[in-house]
Amino acid sequence: MSSFELTLFDCDGVLVDSEIIAAKVESKLLTEAGYPISVEEMGERFAGMTWKNILLSIEKEVDIPLSASLIDKSEQLLDQKLAREVKAIEGVQFALSRIKGPRCICSNSSTARLDLMLSKVGLKEFFAPHIFSAKDLGPDRVKPKPDIFLHGAKQFNVSPSRCVVVEDSVHGVHAAREAGMRVIGFTGASHTYPSHADKLTDAGAETVIARMTDLPGVIAAMEEWEGAF
(Lines give C-alpha, C1' and ligand atoms only; values in the text may rest on other atoms or scores of the structure.)
Protein backbone atom coordinates (compact mmCIF):
# COMPACT_ATOMS: atom_id res chain seq x y z
CA MET A 1 0.00 0.00 0.00
CA SER A 2 1.19 3.53 -0.77
CA SER A 3 2.63 5.34 2.23
CA PHE A 4 0.74 8.47 1.17
CA GLU A 5 -3.03 8.47 1.28
CA LEU A 6 -3.53 12.15 0.38
CA THR A 7 -1.61 14.78 -1.61
CA LEU A 8 -2.28 18.37 -0.54
CA PHE A 9 -1.38 21.23 -2.87
CA ASP A 10 -0.92 24.88 -2.18
CA CYS A 11 -2.34 26.88 -5.09
CA ASP A 12 -0.52 30.19 -5.61
CA GLY A 13 2.97 29.50 -6.91
CA VAL A 14 2.37 25.74 -7.07
CA LEU A 15 -0.58 25.20 -9.39
CA VAL A 16 -0.93 28.70 -10.83
CA ASP A 17 1.80 31.28 -11.47
CA SER A 18 0.06 33.97 -9.46
CA GLU A 19 2.58 34.98 -6.80
CA ILE A 20 4.54 37.13 -9.27
CA ILE A 21 1.35 38.98 -10.23
CA ALA A 22 0.54 39.64 -6.57
CA ALA A 23 4.12 40.77 -5.88
CA LYS A 24 3.94 43.35 -8.67
CA VAL A 25 0.63 44.77 -7.46
CA GLU A 26 1.63 44.84 -3.82
CA SER A 27 5.14 46.25 -4.31
CA LYS A 28 3.66 49.14 -6.30
CA LEU A 29 1.05 49.91 -3.64
CA LEU A 30 3.56 49.72 -0.79
CA THR A 31 6.09 51.91 -2.60
CA GLU A 32 3.40 54.52 -3.26
CA ALA A 33 2.43 54.37 0.45
CA GLY A 34 5.98 55.21 1.54
CA TYR A 35 7.52 51.77 1.92
CA PRO A 36 9.76 51.18 -1.12
CA ILE A 37 10.10 47.49 -1.89
CA SER A 38 10.99 45.60 -5.05
CA VAL A 39 8.98 42.83 -6.68
CA GLU A 40 11.81 40.42 -5.92
CA GLU A 41 11.85 41.31 -2.22
CA MET A 42 8.08 40.89 -2.03
CA GLY A 43 8.44 37.35 -3.32
CA GLU A 44 11.30 36.45 -1.02
CA ARG A 45 9.87 37.94 2.18
CA PHE A 46 6.12 37.63 1.88
CA ALA A 47 5.17 34.85 -0.56
CA GLY A 48 2.48 32.69 1.02
CA MET A 49 1.24 35.40 3.40
CA THR A 50 -2.11 37.13 3.15
CA TRP A 51 -2.05 40.82 2.17
CA LYS A 52 -3.52 41.75 5.57
CA ASN A 53 -0.71 39.96 7.40
CA ILE A 54 1.89 41.53 5.11
CA LEU A 55 0.61 44.98 6.06
CA LEU A 56 0.59 44.10 9.77
CA SER A 57 4.15 42.81 9.53
CA ILE A 58 5.37 46.00 7.83
CA GLU A 59 3.59 48.23 10.34
CA LYS A 60 5.45 46.45 13.15
CA GLU A 61 8.74 46.95 11.32
CA VAL A 62 8.48 50.65 10.50
CA ASP A 63 6.51 53.61 11.77
CA ILE A 64 4.35 54.00 8.68
CA PRO A 65 0.59 53.74 9.22
CA LEU A 66 -0.77 51.82 6.26
CA SER A 67 -4.30 52.70 5.29
CA ALA A 68 -6.97 50.03 5.65
CA SER A 69 -8.11 51.05 2.16
CA LEU A 70 -4.95 49.39 0.82
CA ILE A 71 -6.52 46.02 1.56
CA ASP A 72 -9.55 46.62 -0.65
CA LYS A 73 -7.48 48.37 -3.33
CA SER A 74 -5.05 45.49 -3.59
CA GLU A 75 -7.80 42.87 -3.72
CA GLN A 76 -9.59 44.69 -6.55
CA LEU A 77 -6.45 45.29 -8.61
CA LEU A 78 -5.20 41.76 -8.11
CA ASP A 79 -8.47 40.10 -9.07
CA GLN A 80 -8.54 42.17 -12.26
CA LYS A 81 -4.98 41.21 -13.20
CA LEU A 82 -5.41 37.55 -12.29
CA ALA A 83 -8.51 37.31 -14.46
CA ARG A 84 -6.46 38.57 -17.41
CA GLU A 85 -2.97 37.20 -16.80
CA VAL A 86 -2.80 34.13 -14.56
CA LYS A 87 -1.47 30.94 -16.12
CA ALA A 88 -1.02 27.38 -14.91
CA ILE A 89 2.42 26.30 -13.76
CA GLU A 90 4.16 24.54 -16.64
CA GLY A 91 3.81 20.75 -16.40
CA VAL A 92 1.13 20.77 -13.71
CA GLN A 93 -1.50 18.95 -15.78
CA PHE A 94 1.05 16.25 -16.60
CA ALA A 95 1.85 15.84 -12.91
CA LEU A 96 -1.78 15.75 -11.78
CA SER A 97 -2.69 13.15 -14.37
CA ARG A 98 0.00 10.81 -13.02
CA ILE A 99 -0.43 11.21 -9.27
CA LYS A 100 -2.82 8.56 -8.04
CA GLY A 101 -5.11 8.73 -5.05
CA PRO A 102 -7.03 11.56 -3.39
CA ARG A 103 -5.85 15.14 -3.66
CA CYS A 104 -6.98 18.54 -2.47
CA ILE A 105 -6.01 22.21 -2.45
CA CYS A 106 -5.24 23.99 0.82
CA SER A 107 -4.69 27.70 0.22
CA ASN A 108 -4.63 31.07 1.93
CA SER A 109 -6.47 32.58 -1.05
CA SER A 110 -10.20 33.16 -0.80
CA THR A 111 -12.66 30.66 -2.24
CA ALA A 112 -13.76 33.19 -4.86
CA ARG A 113 -10.19 33.82 -6.01
CA LEU A 114 -9.39 30.12 -6.11
CA ASP A 115 -12.44 29.55 -8.28
CA LEU A 116 -11.42 32.42 -10.57
CA MET A 117 -7.86 31.18 -11.06
CA LEU A 118 -8.51 27.45 -11.30
CA SER A 119 -11.40 27.92 -13.73
CA LYS A 120 -9.33 30.20 -15.95
CA VAL A 121 -6.41 27.79 -16.26
CA GLY A 122 -8.50 24.61 -16.49
CA LEU A 123 -7.39 22.96 -13.25
CA LYS A 124 -10.60 23.07 -11.24
CA GLU A 125 -11.76 19.68 -12.55
CA PHE A 126 -8.68 18.01 -11.07
CA PHE A 127 -9.70 18.98 -7.52
CA ALA A 128 -13.37 19.98 -7.18
CA PRO A 129 -15.02 19.85 -4.73
CA HIS A 130 -11.93 19.45 -2.54
CA ILE A 131 -10.71 23.06 -2.75
CA PHE A 132 -10.22 24.59 0.68
CA SER A 133 -9.51 28.17 1.75
CA ALA A 134 -8.02 28.95 5.15
CA LYS A 135 -10.11 32.14 5.15
CA ASP A 136 -13.26 30.01 5.44
CA LEU A 137 -12.09 28.47 8.71
CA GLY A 138 -12.44 31.65 10.72
CA PRO A 139 -10.35 34.65 11.78
CA ASP A 140 -6.57 34.28 11.92
CA ARG A 141 -6.31 30.66 10.84
CA VAL A 142 -4.22 31.16 7.71
CA LYS A 143 -0.74 29.74 7.10
CA PRO A 144 1.80 29.59 8.76
CA LYS A 145 -0.76 28.09 11.12
CA PRO A 146 -1.42 24.41 10.29
CA ASP A 147 -5.22 24.65 10.40
CA ILE A 148 -5.96 24.46 6.68
CA PHE A 149 -3.80 21.37 6.16
CA LEU A 150 -5.37 19.64 9.15
CA HIS A 151 -8.78 20.58 7.75
CA GLY A 152 -7.89 19.03 4.39
CA ALA A 153 -6.76 15.77 5.97
CA LYS A 154 -9.88 15.63 8.12
CA GLN A 155 -12.15 15.80 5.06
CA PHE A 156 -10.63 12.53 3.85
CA ASN A 157 -10.30 10.97 7.31
CA VAL A 158 -6.55 10.61 6.71
CA SER A 159 -3.86 10.86 9.37
CA PRO A 160 -1.48 13.82 8.82
CA SER A 161 1.42 11.36 8.87
CA ARG A 162 0.01 9.79 5.68
CA CYS A 163 -0.10 13.12 3.84
CA VAL A 164 2.37 14.80 1.51
CA VAL A 165 2.19 18.55 0.84
CA VAL A 166 3.50 20.52 -2.14
CA GLU A 167 4.44 24.07 -1.14
CA ASP A 168 6.38 27.00 -2.58
CA SER A 169 6.58 29.25 0.48
CA VAL A 170 8.45 29.09 3.77
CA HIS A 171 5.23 29.97 5.58
CA GLY A 172 3.42 27.11 3.88
CA VAL A 173 6.19 24.62 4.67
CA HIS A 174 6.09 25.66 8.32
CA ALA A 175 2.32 25.13 8.35
CA ALA A 176 2.57 21.68 6.81
CA ARG A 177 5.34 20.56 9.16
CA GLU A 178 3.39 21.90 12.14
CA ALA A 179 0.47 19.77 10.92
CA GLY A 180 2.71 16.69 11.02
CA MET A 181 2.90 16.22 7.26
CA ARG A 182 5.80 15.58 4.90
CA VAL A 183 6.61 18.36 2.44
CA ILE A 184 7.99 18.73 -1.07
CA GLY A 185 9.17 22.25 -1.86
CA PHE A 186 8.59 23.81 -5.28
CA THR A 187 10.62 26.61 -6.88
CA GLY A 188 9.38 26.55 -10.47
CA ALA A 189 7.12 29.63 -10.43
CA SER A 190 8.13 33.07 -11.70
CA HIS A 191 8.59 34.57 -8.21
CA THR A 192 11.45 32.22 -7.29
CA TYR A 193 14.71 33.72 -6.01
CA PRO A 194 18.34 32.47 -5.60
CA SER A 195 18.03 31.17 -2.03
CA HIS A 196 14.49 29.85 -2.45
CA ALA A 197 15.33 26.14 -2.37
CA ASP A 198 17.63 26.52 0.63
CA LYS A 199 14.98 28.40 2.59
CA LEU A 200 12.34 25.76 1.86
CA THR A 201 14.75 23.04 2.98
CA ASP A 202 15.61 24.95 6.15
CA ALA A 203 11.88 25.31 6.87
CA GLY A 204 11.39 21.55 6.71
CA ALA A 205 10.87 20.46 3.09
CA GLU A 206 12.39 16.99 2.58
CA THR A 207 13.25 17.72 -1.03
CA VAL A 208 12.77 20.60 -3.47
CA ILE A 209 11.88 20.46 -7.16
CA ALA A 210 11.97 23.17 -9.81
CA ARG A 211 9.95 21.30 -12.46
CA MET A 212 6.41 20.16 -11.79
CA THR A 213 6.90 17.24 -14.18
CA ASP A 214 9.30 15.78 -11.60
CA LEU A 215 6.63 15.61 -8.89
CA PRO A 216 5.13 12.14 -9.61
CA GLY A 217 8.59 10.55 -9.59
CA VAL A 218 9.62 12.33 -6.40
CA ILE A 219 6.47 11.21 -4.58
CA ALA A 220 7.05 7.64 -5.75
CA ALA A 221 10.68 7.78 -4.60
CA MET A 222 9.66 9.08 -1.16
CA GLU A 223 7.16 6.24 -0.82
CA GLU A 224 9.73 3.66 -1.92
CA TRP A 225 12.34 5.04 0.47
CA GLU A 226 9.93 4.84 3.39
CA GLY A 227 8.88 1.35 2.42
CA ALA A 228 12.46 0.15 2.60
CA PHE A 229 12.54 0.64 6.39
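The values are calculated or read from the model by the stated rules, or taken from the named source; none is laboratory data. Keep in mind the model is a prediction, meaning the values are calculated, not measured. Positions of Cβ are backbone-derived with ideal geometry, glycine not excepted, and every protein chain shown enters the neighbour counts. All accessible areas refer to the heavy atoms of the entire protein, side chains included, with ligands and DNA or RNA removed. Shrake-Rupley method; radii C 1.70, N 1.55, O 1.52, S 1.80 Å.
Filter region 1-44 for residues that are under 26 Å from G91 (Cα atoms) and modelled with pLDDT under 90 and give the result. Matches in region 1-44: S2, S3, G43, E44.
A count restricted to region 53-68 and to residues that are among the charged types (D, E, K, R) and surrounded by 16 or more Cβ atoms within 10 Å (Cβ to Cβ) stands at 0.
Matching residues to (1) of a type in the set (S, T, N, Q); (2) assigned to a loop (DSSP other than H, G, I, E, B); (3) open to solvent by 20 Å² or more (accessible area, probe 1.4 Å); (4) touching a Phe, Trp or Tyr at 6+ places or on another chain (Cβ under 7 Å):
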| position | (1), (2), (3), (4) |
| --- | --- |
| V14 | no, yes, no, yes |
| I20 | no, no, yes, no |
| A23 | no, no, no, no |
| S27 | yes, no, no, no |
| L30 | no, no, no, no |
| G34 | no, yes, yes, no |
| I37 | no, yes, no, no |
| M42 | no, no, no, no |
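The set of residues in region 87-110 being of a type in the set (A, V, I, L, M) and assigned to a strand (DSSP E or B) consists of A88, I105.
Within region 72-83, the set of residues being surrounded by 14 or more Cβ atoms within 10 Å (Cβ to Cβ) and of a type in the set (G, A, S) comprises just one member, S74. Restricted to region 84-110, and to residues that are in contact with a strand residue (DSSP E or B) (Cβ under 9 Å, 6 or more places away or on another chain) and free of Cβ contacts under 8 Å to residues at least 60 places away in the same chain, which residue is most open to solvent (accessible area, probe 1.4 Å)? Checked region 84-110; the qualifying residue most open to solvent (accessible area, probe 1.4 Å) is S110.
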